[in-house]
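See structure below.
The values are calculated or read from the model by the stated rules, or taken from the named source; none is laboratory data. Fair warning: this is a prediction, and the values are worked out from it, not measured in the lab. So basically every Cβ, Gly included, is an ideal-geometry build from the backbone, and we count neighbours across all protein chains shown.
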Amino acid sequence: MSTTFQLDTATSRANPTPQPMKRLTVPAIKRRKFEGKTEEPLVMLTAYTARQAQLLDPHCDMLLVGDSLGQVIYGLPSTLPVTLEMMIAHGAAVVRGSYHAVVIVDMPFGSYEASPQQAFEAASRVMAETGAAAVKLEGGQAMAGTIAFLSQRGIPVMAHVGLTPQAVNALGGYAARGRSQEEHEKIISDGKAVADAGAFAVVVEGVIEPIAVSLTQSIEIPVIGIGASAQCDGQVLVTEDMLGMFERVPRFVKRYGDMAGFIGETAAKYAEDVRSRAFPGPEQTYQPKP
Ligand code: KIV
């Protein structure tokens, strides 16, 4: 697909002029799974900035402003310290940079677990202040009441089950989930509970493949996998992982590029030019008019 915008370089390098194009909607995403099947898998990537959103938007059905931005953008040790203000600032940037994809913003740890009312207060801020189409929150059965409360009040919710990174302290790490029969059954019943509660889609992260396949086959809403199975209704990855920005990534990540290498090599060339006074050259300097 060709790009959906042109950069208006006369005003700002980050101020796109959109071509008229209707943005996808939450109901359209939900309808992609029909009679238990999704013909063409849904494509989702994380995005945290306007420019990143501009570049990813033409290729994605959904852009997720994930709370993974805590580690990816802010260098935090986990997603736990991420705040609602951070999510709102990055969510608004991603909405400004996109015209096609449905933008979903993660609810950060501590902003929604206490009660459906607390969740509504935080989620309604996200919706009003970012322009996003939906929020995502972690948890299965325990969050079903909250998902129903939000969905019935006009806030579409994407759920997240399996390995839920905000629960890293309770889970004891980021290892794949579902190796015991008890945990296997729990993840499936979590998926069913969030679907029954009105979630429009669910992310299933870091589970053994049979769980992902069975969950995908047993609920009517799209199941988006990460570290799950190609049989899911769609896939999501953290964009920086997929681009090769980090040396250490989880086993389930496929690196499609070597951005870390590219940035390092490019910075080295720039540093060499500065040190040898090759930059700036005549093309990059202003001279007095004759
Ligand atoms: O925060 C995030 O980026 C996520 C995805 C990995 C699903 O929740």
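Just to be sure before I move on: is LEU84 within 14 Å of the ligand (Cβ to nearest atom) and either without any contact (Cβ under 8 Å) to a residue 12 or more places away in the chain or touching a helix residue (DSSP H, G or I) at 6+ places or on another chain (Cβ under 8 Å) (or both) in the structure I sent? Criteria not met by LEU84.
Restricting the first member to segment 208-231 and to residues that are of a type in the set (Ser, Thr, Tyr), and the second to residues that are within 15 Å of the ligand (Cβ to nearest atom) and part of a helix (DSSP H, G or I), the beta-carbon pairs closer than 8 Å and six or more apart or on different chains are SER218/GLY191; SER229/ALA212. Checked against (1) under 27 Å from PHE149 (Cβ atoms); (2) within 13 Å of the ligand (Cβ to nearest atom), ILE73 passes all but a single condition, namely (1). The C-beta contact set for segment 35-64 (first residue without any contact (Cβ under 8 Å) to a residue 24 or more places away in the chain, second residue more than 16 Å from the ligand (Cβ to nearest atom) and not in a strand (DSSP E or B), distance under 8 angstrom, 6+ apart or interchain) comprises GLU39/ARG32; GLU40/ARG32.
Cβ-Cβ distances below 6 Å connect the following pairs, each with a first residue in segment 236-261 that is within 22 Å of ALA101 (Cα to Cα), a second residue that is within 16 Å of the ligand (Cβ to nearest atom) and at pLDDT below 95, and a separation of six or more residues or different chains: ASP241/VAL249.
For segment 114-155, the set of residues classified as surrounded by fewer than 16 Cβ atoms within 10 Å (Cβ to Cβ) and closer than 20 Å to VAL204 by Cβ consists of ALA142 only. If the condition is being more than 16 Å from the ligand (Cβ to nearest atom) and touching a Gly at 6+ places or on another chain (Cβ under 8 Å), then segment 183-203 contributes HIS184, LYS186, SER189, ALA193, ALA197.
Being touching a strand residue (DSSP E or B) at 6+ places or on another chain (Cβ under 6 Å) and either closer than 17 Å to TYR174 by Cβ or small (Gly, Ala, Ser) (or both) is the filter here; which residues of segment 194-226 pass it?
Quick first cut of segment 194-226, residues touching a strand residue (DSSP E or B) at 6+ places or on another chain (Cβ under 6 Å) only: 194, 199, 201-207, 212, 215-216, 221-226.
The answer is ALA199, ALA201, VAL203, VAL204, GLU205, GLY206, VAL207, ALA212, GLY225, ILE226.
You will find that of MET44, MET87, the residue that is crowded, with 19+ Cβ neighbours inside 10 Å, under 29 Å from GLU247 (Cβ atoms) and touching a Pro at 6+ places or on another chain (Cβ under 7 Å) is MET87 and no other. Take the conditions (1) surrounded by fewer than 24 Cβ atoms within 10 Å (Cβ to Cβ); (2) within 23 Å of ALA53 (Cα to Cα); (3) touching a helix residue (DSSP H, G or I) at 6+ places or on another chain (Cβ under 9 Å); SER218 misses just one of them, which is (2). Is segment 270-290 home to any residue that is β-branched (Val, Ile, Thr), surrounded by fewer than 13 Cβ atoms within 10 Å (Cβ to Cβ) and either more than 16 Å from the ligand (Cβ to nearest atom) or modelled with pLDDT under 95 (or both)? Looking for residues that are β-branched (Val, Ile, Thr), surrounded by fewer than 13 Cβ atoms within 10 Å (Cβ to Cβ) and either more than 16 Å from the ligand (Cβ to nearest atom) or modelled with pLDDT under 95 (or both), one finds at least one in segment 270-290, hence yes. Restricted to segment 178-199, and to residues that are of a type outside the set (Gly, Ala, Ser) and touching a helix residue (DSSP H, G or I) at 6+ places or on another chain (Cβ under 8 Å), which residue is surrounded by the most Cβ atoms within 10 Å (Cβ to Cβ)? Out of the qualifying residues, it is VAL194.
Listed by first and then second residue, the pairs linking a residue in segment 161-185 that is under 15 Å from LEU215 (Cα atoms) to a residue that is of a type in the set (D, E, K, R) and part of a helix (DSSP H, G or I), with Cβ atoms under 7 Å apart and 6 or more places separating them unless they lie on different chains, are VAL161/ASP190; ARG177/GLU183. In the set (1) surrounded by 22 or more Cβ atoms within 10 Å (Cβ to Cβ); (2) closer than 23 Å to THR146 by Cβ, the condition left unmet by ALA170 is number (1). Cβ-Cβ contacts under 7 Å between residues 6 or more apart (or on different chains), taken from a first residue in segment 108-121 that is touching a residue at least 24 places away in the same chain (Cβ under 8 Å) to a second residue that is among the β-branched types (Val, Ile, Thr), are listed as PRO108/VAL82; PRO108/THR83; PHE109/THR79; PHE109/VAL82; TYR112/THR146; PRO116/THR146; ALA119/THR146.
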